[in-house]
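The values are calculated or read from the model by the stated rules, or taken from the named source; none is laboratory data. Since we're looking at a predicted model, the values are computed, not measured. FYI the Cβ positions are ideal-geometry reconstructions off the backbone, even for glycines, and counts take in every protein chain you see. These area figures cover heavy atoms from the full protein model, side chains too; ligands, DNA and RNA do not enter into them. Shrake-Rupley method; radii C 1.70, N 1.55, O 1.52, S 1.80 Å.
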Amino acid sequence: MSLAASVVIVGAGPAGLLLGNILADHGVDCLILERHTREHIERRPRAGLIEHWAVRELTELGLADRLLAEGARHDSCEFRFLGRRNVSRYGDLAGGRAHYVYPQQELVKDMVAAYLKKGGQLRFSAPAVTIDGFHDRPRVTFEEAGVTRTARGEVVAGCDGFHGAARASVPPDAVTRYEHQHRDGWLAVLAAAPPSTEQIIYALHPDGFAGHMLRSPTVSRYYLQCPAGDASENWSDDRIWSELRRRLATSDDWTLRDGPILDKGVLDMRSWVGEPMRFGNLCLAGDAAHILTPAGAKGMNLALGDARELALGLLDRFHRGDDRRLLAYSETRLEAVWRAQEFSNWLLDLLHGTGDDAQPRPFADRLRRQAIGQITGGGARARAFAESYVG
Ligand code: RFL
């Protein structure tokens, strides 16, 4: 039997779940199809930095109770270079705006619970295989318990990430791809270690960038720049901690607290945008439409931004018969996407210090020192950094 809903959402990540929640709040019937089990998506650790506007939006939607109670507000970050700490008080510079640190899987958990409580349909372990007919009434073919089924919607929202079925269903000649594979990789490490800092640390080091990110009082995330294609098996626990200690070292008495490593993997450092983001009645949102490096912590925030804009466009269509916002969805979001890409790529170049191989290292390091001085100062460049970083 074929299923039907006004909106079929493929993927229960931040994008799909925010979209589903907003639509459900306004009485639009939707069906979410998710490849994995509920347990799997509620435990999958990924991002953790939520921008000011998204916290406000989630609060207004009644989705932020736990985020506000258990998450931590953050409005400063630290750039370490040559043993010195340089602090950006970006919250003050951006008029009091701040991030919240709250693990992505916790937000997913909250949004799944809220959506189900509203009576929303969500089928777990139901991977979409393909989507067709998107210039009319699109049809999603999916697998469930070994059976191939279909679901039809007036609109299908492809929120199933970079490796999902939605992006793959778009004919190659209908999309213009912009891609950059970065030269180096990042080893991403998650450890059961309390944070050794109150603010995110970006450490620029001759042997490569190291990052200390925040997740919770008992779990922290770290990044180590490494050769692209490096294997996580090359990184023993001892090597990870000693490399983090070396690259994060300061000339004062700062120490790094360690703990059992929960997860490690080398990230594919890729920037990717596909244009447009709407193909008739198939709209892509989040990682299905664009991929950023984690440098600027923008991926999850863009996914939430896409979902919000798409939801507002769909509400205009379903409740007012007005298609203008939906038709402009791609153009509206691509502006935000490219803004985030520009910021993330600029920050990555600063962190890696490899913008131009022909540049002698001492010269490049002087330029980096100057840039860090400016963005952690109080002038126009510091304010511009603050605005872009906090979102
Ligand atoms: P998601 O979160 O990947 O969700 C997609 C959902 O679709 C499901 N799915 C399918 N469902 C049905 N049929 C199919 N064929 C399907 N194929 C896939 C998946 O199981 C999943 O549940 O995409 P969404 O919603 O667009 O959200 C994007 C964010 O998850 C992503 O941008 C961030 O996690 C990226 N990212 C970070 N972003 C930040 O803003 N700040 C960070 O600090 C940050 N750190 C990270 C990150 C991503 C990481 N990854 C992916 C390894 C750190 C890591 C390690």
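Across ARG324, ARG35, ARG247, mean-square fluctuation computed from a Gaussian network of the chain (C-alpha pairs under 10 Å connected) peaks at ARG324. Peptides 14-20, 208-214, 66-72, 92-98 ranked from most to least packed by the mean count of surrounding Cβ atoms within 10 Å: 14-20, 208-214, 92-98, 66-72.
Heavy-atom accessible area for LYS118, with the other protein chains in place and a 1.4 Å probe, reaches approximately 80 Å².
Run lengths n ≥ 4 of DSSP H only: what is the helix-derived mean residue ellipticity at 222 nm for the chain, with -39500 (n - 2.57) per run over all residues, to the nearest 500? Numbers along the way, then the final one.
Details: 13 runs with 142 residues, N = 391.
Helices in the chain give a 222 nm mean residue ellipticity of -11000 deg cm²/dmol.
Relative to the longest principal axis of the Cα atoms of the chain, the long axis of helix 237-248 lies at roughly 70 degrees. Across the options PRO45, CYS283, TYR102, the greatest Cα extent toward the positive end of the charge dipole of the chain (unit charges at beta carbon of Lys, Arg, Asp, Glu) belongs to TYR102.
Heavy atoms only, probe 1.4 angstrom, no DNA, RNA or ligands counted: give me VAL266, VAL175 ranked by accessible area, highest first. If you can, show how the numbers build up before the last one.
On the way: VAL266 45, VAL175 25 Å².
In descending accessible area the options line up as VAL266, VAL175.
Could you state the angle between the C-alpha long axis of helix 361-375 and the longest principal axis of the C-alpha atoms of the chain, as a value from 0 to 90 degrees rounded to the nearest 10? Approximately 70 degrees, to the nearest ten. Does the chain come out rounded, prolate or oblate by the C-alpha gyration tensor, with a ≥ b ≥ c the root eigenvalues, rounded set by a/c under 1.5 and, if not, prolate when a/b is larger than b/c and oblate if not? Prolate, because a/c is 1.5 or more and a/b exceeds b/c.
Just checking the listed ones, GLY13, GLY265, GLY146: in the Gaussian network model of the chain with Cα springs under 10 Å, the one fluctuating most is GLY146. Among the protein heavy atoms, those of ASP238 account for about 120 Å² of accessible surface (1.4 Å probe, every chain in place). For segment 286-317 and segment 2-38, what is the separation of their Cα centres, given in Å? Rounded to whole Å, the Cα centres lie 15 Å apart.
Taking Cα atoms only, the orientation of helix 104-117 departs from the longest principal axis of the chain by about 20 degrees. The accessible surface of the chain, taken with every protein chain in place and a 1.4 Å probe, is 49 percent carbon and sulfur. To the nearest 0.05, how large is the calculated FRET efficiency for ARG339 and ASP252 if R₀ is 41 Å and r is the Cβ-Cβ distance? That pair, ARG339 with ASP252, gives E of 0.70.
Label point of ALA4 set 7 angstrom out along Cα-Cβ; within segment 147-164, amide nitrogens under 19 Å from it belong to 149-157.
Magnitude of the charge dipole for the chain, about its Cα centre and with charges confined to Cβ atoms of Lys, Arg (+1) and Asp, Glu (-1), is about 420 debye.
Computed FRET efficiency, Cβ-Cβ of ALA72 and ASP322, R0 56 Å: what is it to the nearest 0.05? Don't jump to the answer; show the numbers that get you there.
On the way: r = 40 Å, r/R0 = 0.72.
The value I calculate is 0.90.
Tell me, what is the per residue accessible area of the chain in Å², probe radius 1.4 Å? Mind showing how you got there, number by number?
On the way: 16570 Å² over 391 residues.
With all protein chains present, the chain gives 42 Å² per residue.
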